[in-house]
Structure formats: C-alpha cells, structure tokens
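Working notes, structure below.
The values are calculated or read from the model by the stated rules, or taken from the named source; none is laboratory data. Predicted, not measured: the structure shown is a model, and the values here were computed from it. Glycine gets a Cβ as well: all are built from the backbone with ideal geometry, and neighbour counts include every protein chain shown. Surface accessibility is based on the protein's heavy atoms, side chains included, excluding ligands, DNA and RNA. Shrake-Rupley method; radii C 1.70, N 1.55, O 1.52, S 1.80 Å.
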Amino acid sequence: YRRLIGSIKDIDRDKRREQEFKDQSRRDPLTGLYNRNRYERDLPSIFAQHRSSLACVYIDANGLHEMNNSHGHDKGDEMLRTVAEEIRKHFDTEYIYRTGGDEFVLFVPDAAEADLEMRGEALNSDLTKADYNISVGIQCGQDISSMSFLIKGAEQKMYAEKKKYYEKHDRRRH
C-alpha cells in the first residue's frame, strides 16, 4: 500500500496577512486614507485616466501644531481623524490622500469648481462646529498638461486661505 505524506497550510491566513501588509503600505494608519506612497504611485494613472477634466483639492488642518503642543498628541490625532472622516463625507471621490502631517490632497474627476467650492465651505462649516478649522485650495483643469501644475495651483490657493485664517486668528488659539 502507498503512503501519502504532506502538510496542509492555511493559505487564507497568509493571503490575509499579505493584504494587511499591502494596506499598511498604502494607507495612513491614523485616518485610514491613502498615504503619500499611494499618492505618488497613483499620480500617473490619475493623470492618464482623467486629464481631460480633473480638479485638485488641497486641504490643510489649521492649528494642528498648536493643538499638539497645548492639548497633547491624542487631541491632534483626534482632530486629524475627524478632518479625514468629514472629507470622506463631503467629497465623493476614490482619490483622497493624507500626504503629510496636516495636509490632505484629493482629486475629483469631472467636477464643477462651484460645486467643489460649496463642498469645501460645507466641510469647513461642519469642522468649525467641532472647533477645528481647515484651509482649502481648489484648482480645476481641462485637458491638463501637468499634474504638478494642477497640484501647485491648489496648494498655492490653500496657502493663501491659510494666511487669511492666521491673520484673523492667533496661532496659539488651541
């Protein structure tokens, strides 16, 4: 008679671990949004697929540094989680990234600038109720030739909004 010797391995567990590892390399653990690595990887495909009509929304959470210093990093983390959650609620796009400590970048295909501005204002209004504030910059483009031009335009507008915010508010507010 013949003997069969072998082993059984739970490949489902290995696949789950592999997926978790991939998610960790692409997602920000604090907010669950895509991270800077995924952002950098996605830029060429977003450009290729949506260059005919694309908007970049650049968002900065005002006062994060001050929040961390005056109330601790747990409160700063809570602020970032809240901002991320509200961004998801207000902007219907798969392209939402936390690209830096307090910065978020979104890409919205085929969107009207006026609609995006209304969404940005509603987002800021809802966050203000939680005693948080953001600066938002929006740059829309048709037949764009460069993602960096689109992103830089939104970033510059966000910094102009941030400057206006800090002209009215003390940096030590939080």
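What's the FRET efficiency of Lys129 with His65 using the Cβ-Cβ distance as r and R₀ = 22 Å, to the nearest 0.05?
Values: r = 22 Å, r/R0 = 1.00.
The calculated FRET efficiency here is 0.50.
Contact order normalised by length for segment 108-174, with contacts defined as Cα pairs under 8 Å and 6 or more residues apart; what percent is it?
On the way: 42 pairs, mean separation 18.4, N = 67.
Reported as a whole number, the value is 27 percent.
First compute the accessible area of segment 81-164 with a 1.4 Å probe, then give the percent of it belonging to carbon and sulfur atoms.
Details: 1980 of 4180 Å².
Looking at segment 81-164 in its full context, I get 47 percent from C and S.
Not counting ligands, DNA or RNA, and with a 1.4 Å probe, what is Thr99's accessible surface area in Å² rounded to the nearest 10?
For Thr99, solvent-accessible area is about 10 Å².
Can you give me the accessible area per residue for segment 87-174, using a 1.4 Å probe, in Å²? Intermediate results must be reported in sequence, preceding the final value.
Details: 4860 Å² over 88 residues.
So segment 87-174 comes to 55 Å² accessible per residue, rounded to a whole number.
Under a plain spin-label model, where a point goes 7 Å from the Cα along Cα-to-Cβ, how far apart in nm are Tyr159 and Asp110?
Inter-label distance under the simple model: 3.4 nm.
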